[in-house]
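A.B. asks: Sending over a structure as structure tokens; questions will come in a sec.
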Amino acid sequence: MSDAEFSGYQAQNARAVDAWVEEGWVWGVPVSPETFARAKAGEWDVVLTPNIPVPHAWFGDLKGKKVLGLASGGGQQMPVFAALGAQCTVLDISLKHLESERMVAAREGYDIRIVRADMTRPLPFSDGEFDLVFHPVSNCYIRDVLHVWRECHRVLKPGGVLLAGLDSGVNYAFDDNEEKLAHRLPVDQLRDAAEAGVTLDPNESVQFSHAIQEQIGGQLAAGFILTHVFEDTNDEGNISKYNLPCFYATRAVKPEGACAAYFARVREDGNG
């Protein structure tokens, strides 16, 4: 998929992330051969948010499971899941992130399906294709979060698991030095720039804050059952000194059988 096929702000975000990766962005540095070898030996951790590793119990046994890394390129998590025996697919908008995935897979000798696509559009996968979707903090780069949750629900099998990293919006309220409150939430940089009559820097990413009713409430509205959650902080900067919860990680399950019918009725009652 070429940049020309993306919507305006998503094409801009693709270019921004590629530039960050070239500059050595921490979330664009692929795992080392040593990290991959340790994962194959059963010693591993991955993160959805900056600091706290995701509990291994949230995954279950990944051997033979079909895993989608949604906006999860960069060669950091997919190699670990492949080392654990998962059948991995990664979708990302960044060419550089996907180049890292391809490089690590070739280096370590495993297969991975690599898809360049825009998650603001329908995901290019079949209904019920995956056992697990791993979605690190990234929906701060899109406007419509509920669409993503609905698509995750669609591509997961009944009983499938969604693991998501979520931005709480706290970071967007502060100035660039993280010292003063400067912005009213929710932040929508496209809307805010238009209202202020300014033009966004074409070399910067376009970002959006999302309220908890979009982030977690949206998962529930899409049909998921929330099973676990924890909060996390920034990994650096002034805000991190105050231990403010800037991120959440969630584990949610797509219900199956009679449970799915029951929760569908609950959602309908709640919308009545």
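A.B. asks: Relative to the present Cα-Cα distance, how much length would full extension add between Glu256 and Asn243 at 0.36 nm per residue of separation? Kindly include the intermediate steps, with their values, before the conclusion.
C.D. replies: Details: separation 13, 0.36 × 13 = 4.68 nm, distance 3.79 nm.
Extra length from Glu256 to Asn243 when fully extended: 0.9 nm.
A.B. asks: Per residue, how big is the convex hull around the C-alpha atoms of region 207-260? Give it to me in cubic angstrom, could you?
C.D. replies: Details: hull volume 4.8 nm³, N = 54.
In region 207-260, the Cα hull volume divided by residue count equals 90 Å³.
A.B. asks: Give the carbon-plus-sulfur fraction of the accessible surface of the chain in %, rounded to a whole number; probe 1.4 Å, heavy atoms of protein chains only.
C.D. replies: On the way: 6700 of 13050 Å².
Whole-percent figure for carbon plus sulfur exposure: 51.
A.B. asks: Right, next: In whole percent, what relative contact order does region 76-152 give with Cα contacts below 8 Å and a gap of six or more residues?
C.D. replies: Result for region 76-152 is 26 percent.
A.B. asks: Can I ask one more? Mean 1/r over all different Cα pairs, inverted: what Kirkwood radius does region 78-168 give, in Å? Each step should come with its number before you reach the end.
C.D. replies: Values: mean 1/r = 0.0716 Å⁻¹.
For region 78-168, the Kirkwood estimate is 14.0 Å.
A.B. asks: Which of the listed residues, His147, Val137, Gly24, is farthest toward the dipole's positive end in the chain, when Lys, Arg count +1 and Asp, Glu count -1 at the beta-carbon?
C.D. replies: His147
A.B. asks: May I pose another question? To the nearest 0.05, how large is the calculated FRET efficiency for Ala194 and Trp25 if R₀ is 35 Å and r is the Cβ-Cβ distance? List each step's numbers first, then the result.
C.D. replies: On the way: r = 28 Å, r/R0 = 0.80.
With R0 = 35 Å, the Cβ-Cβ based efficiency is 0.80.
A.B. asks: Let me ask something else about it. Please report, for the Cα atoms of region 53-120, the Rg to one decimal and the Dmax as a whole number; what are they, in angstrom?
C.D. replies: Using the Cα atoms of region 53-120, the pair Rg, Dmax is 11.6, 32 Å.
A.B. asks: Running Debye on region 127-272 with equal point scatterers at the Cα sites and no solvent, what base-10 log of I(q)/I(0) appears at q = 0.11, 0.14, 0.17, 0.19 Å⁻¹?
C.D. replies: -0.50, -0.75, -0.99, -1.13
A.B. asks: What does the net charge come to around Gly165 if you take all other residues with beta carbon closer than 12 Å to its beta carbon, with K and R at +1 and D and E at -1? Each step should come with its number before you reach the end.
C.D. replies: On the way: positive: Arg251; negative: Asp167, Glu231, Asp232.
Net charge in that neighbourhood comes out at -2.
A.B. asks: Please get the size of the charge dipole for the chain, origin at its Cα centre, with Cβ charges of +1 on Lys and Arg and -1 on Asp and Glu, quoted in debye to the nearest 20. Mind showing how you got there, number by number?
C.D. replies: On the way: 24 positive and 38 negative charges, 206 e Å.
Dipole of the chain, to the nearest 20 debye: 1000 debye.
A.B. asks: Within region 129-155, find all residues whose amide N lies under 14 Å from a label point positioned 7 Å from the Cα of Lys63 along Cα-to-beta-carbon.
C.D. replies: Hits in region 129-155 for Lys63 at 14 Å: none.
A.B. asks: Sticking with this structure for a sec: Which of His210, Val161, Pro255 sits closest to the plus end of the dipole of region 123-272, meaning its Cα is farthest towards the positive end, when Lys and Arg get +1 and Asp and Glu get -1 on the C-beta?
C.D. replies: Value computed over the given set: Pro255.
A.B. asks: Using Cα-Cα distances under 8 Å and only pairs 6 or more residues apart, what relative contact order does region 160-272 have, in percent?
C.D. replies: Reported relative contact order: 35 percent.
A.B. asks: If packing is taken as the average count of other Cβ atoms within 10 Å, what order do 197-208, 118-129 fall into, highest mean first?
C.D. replies: Values: 197-208: 13.5, 118-129: 15.8.
Top to bottom by mean Cβ count within 10 Å: 118-129, 197-208.
A.B. asks: When the chain is treated as a GNM, springs tying every alpha-carbon pair under 10 Å, which of Asn171, Asn243, Asn13 comes out with the largest mean-square fluctuation?
C.D. replies: Asn243
A.B. asks: For n ≥ 4 DSSP H runs only, could you compute -39500 (n - 2.57) per run for the chain, divide by its residues and tell me the 222 nm figure to the nearest 500? If you can, show how the numbers build up before the last one.
C.D. replies: Values: 8 runs with 88 residues, N = 272.
Taking each H run of at least 4 residues, the total per residue is -10000 deg cm²/dmol.
A.B. asks: Per 5 Å bin from zero, what fraction in whole % of the C-alpha pairs of the chain is there, up to the bin with the longest pair?
C.D. replies: Reading upward from the zero bin: 1, 6, 12, 16, 19, 18, 14, 8, 5, 2, 0, 0.
A.B. asks: If you don't mind, there's one more thing I want to ask. Among Val46, Val104, Val26, whose mean-square fluctuation peaks in a Gaussian network model of the chain (Cα, cutoff 10 Å)?
C.D. replies: Val26
A.B. asks: Ok, one more. Considering only the other residues whose Cβ falls under 13 Å of the Cβ of His210, what net charge follows from Lys and Arg at +1 and Asp and Glu at -1? Working shown, then result.
C.D. replies: On the way: positive: Arg143; negative: Asp144, Asp167, Asp188, Glu214.
It works out to a net charge of -3.
A.B. asks: Which length gain, in nm to one decimal place, applies between Asp144 and Leu226 when the Cα-Cα distance is subtracted from 0.36 nm times their residue separation? Each step should come with its number before you reach the end.
C.D. replies: Working: separation 82, 0.36 × 82 = 29.52 nm, distance 2.00 nm.
Additional length available on full extension: 27.5 nm.
A.B. asks: Among all lysine pairs in the chain that are eight or more places apart or on different chains, how many have alpha carbons less than 16 angstrom apart?
C.D. replies: On the way: Lys40/Lys63; Lys40/Lys65; Lys65/Lys157; Lys65/Lys254; Lys66/Lys157; Lys66/Lys254; Lys157/Lys254; Lys180/Lys241.
Qualifying lysine pairs in the chain: 8.
A.B. asks: Relative contact order for the chain: what is it in percent, counting Cα pairs under 8 Å that are at least 6 residues apart?
C.D. replies: Values: 514 pairs, mean separation 50.2, N = 272.
Relative contact order, the chain: 18 percent.
A.B. asks: Would you tally the net charge around Ile52, using a Cβ to Cβ cut-off of less than 14 Å, leaving Ile52 out, and scoring K and R as +1, D and E as -1? Can you show the working numbers first?
C.D. replies: Numbers: positive: Arg251; negative: Asp45, Glu231, Asp232, Asp235.
Computed value for this residue: -3.
A.B. asks: Could you give the length gained by full extension between Lys180 and Ala211, i.e. 0.36 nm per residue of separation minus their alpha carbon distance, to one decimal place? Before the final figure, lay out the partial values.
C.D. replies: Values: separation 31, 0.36 × 31 = 11.16 nm, distance 2.06 nm.
That pair, Lys180 and Ala211, stretches by 9.1 nm at full extension.
A.B. asks: Quick one: putting +1 on the C-beta of Lys and Arg, -1 on the C-beta of Asp and Glu, what dipole do you get for region 1-152 around its Cα centre, in Debye to the nearest 20?
C.D. replies: Charge dipole of region 1-152: 160 debye, to the nearest 20.
A.B. asks: Same structure, new question: Can you give me the distance in nm between label points at Ile52 and Met103, each placed 7 Å from the Cα along the Cα-to-Cβ direction?
C.D. replies: Distance between the two pseudo-spin positions: 3.2 nm.
A.B. asks: Now for a different question. Using 1/(1 + (r/R0)^6) with R0 = 35 angstrom and r between the beta carbons of Glu129 and Asp235, what's the FRET efficiency to the nearest 0.05? Spell out each step's value before the answer.
C.D. replies: Working: r = 33 Å, r/R0 = 0.94.
Result of the calculation: an efficiency of 0.60.
The values are calculated or read from the model by the stated rules, or taken from the named source; none is laboratory data. What you are looking at is a predicted structure, and each value in this text was computed from that prediction instead of being measured. Positions of Cβ are generated from backbone atoms using ideal geometry, with glycine treated the same way; all protein chains shown enter the neighbour counts. Please note that ligands, DNA and RNA were not included when accessible areas were found on the heavy atoms of the full protein model with its side chains. Shrake-Rupley method; radii C 1.70, N 1.55, O 1.52, S 1.80 Å.
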